[in-house]
1. When the helices in the chain are scored as -39500 (n - 2.57) per DSSP H run of 4 or longer and the sum is shared across all residues, what 222 nm value do you end up with, to the nearest 500 deg cm²/dmol?
2. HN-Hα J couplings of region 90-98 from phi, Karplus 6.51/-1.76/1.60, θ = phi - 60°, integer Hz, Gly and Pro as x?
3. Of the GluC sites (Glu not before Pro) in region 11-109, which ones lie in a loop per DSSP and count no more than 11 other C-beta atoms within 10 Å?
4. Run the reach check for LYS129 against aspartates and glutamates, Cα to Cα strictly under 15 Å, same-chain hits fewer than 8 apart removed. What comes back?
5. Using modelled backbone amide H atoms (1.01 Å from N, in-plane), which distant-in-sequence or interchain residues come within less than 5 Å of GLN134's amide H?
6. Taking the Cα centre as origin and putting +1 on Lys and Arg beta-carbons and -1 on Asp and Glu beta-carbons, what dipole magnitude results for region 4-137, to the nearest 20 debye?
7. Rounded to the nearest Å, what's the spacing between the alpha carbon centres of region 61-79 and region 121-135? Just the number, please.
8. Taking Cα atoms, how many degrees apart are the long axis of helix 101-113 and the longest axis of the chain, rounded to 10 and kept between 0 and 90?
Amino acid sequence: MGGLLLDTHVWLWYAEGVAGRLSPATLAAIDRSRIEHRLHVNAVSVWEVGMLCAKGKISLSAPVREWVRRTMSIPGIRLQALDAETAMESTQLPGRPHGDPADRFLIAAARIHGLCLVTADKKICAYGKAGHVQILVA
């Protein structure tokens, strides 16, 4: 496995230290991956956090631009660009993938870059159980 890719909600929970949202085993796997510099956040998650803030659906511990800068400067977290190969993969996912475009990009990024997607999204978890993407259930 090439590392972990955090789904947007998992990134939020991890960076905000939301107690109880991540199991001890998942938190340990994320911390281990971060220490090994194999913890990834995709650019689409940055966009998604910005959109959620703009719509008033979430509140963060700091203004959104500052929050993103601060969380992306945590040692061991790597920002993953949204590249053309991932964008194309998101349009050609096998089986019955999630309909949400951001989730499709995250699934595609995990597949293309050999990463395990950390998520609590039931649709993505079911897609992983069908063998289409490696999942760590948050």
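Since every read-out is calculated from the coordinates, none of them should be taken as a lab result. No experiment lies behind these values; they were computed from the predicted model shown. In this analysis, Cβ positions are derived from the backbone assuming ideal geometry, glycine residues included, and neighbour counts consider all displayed protein chains.
1. Here the helix-only value at 222 nm equals -14500 deg cm²/dmol.
2. 5, 8, 10, 5, x, x, 10, x, 4
3. The qualifying sites are GLU36.
4. Those aspartates and glutamates meeting the cut-off are ASP121.
5. Result for GLN134 returns LEU117.
6. 200 debye
7. 27 Å
8. Result, in degrees: 70.
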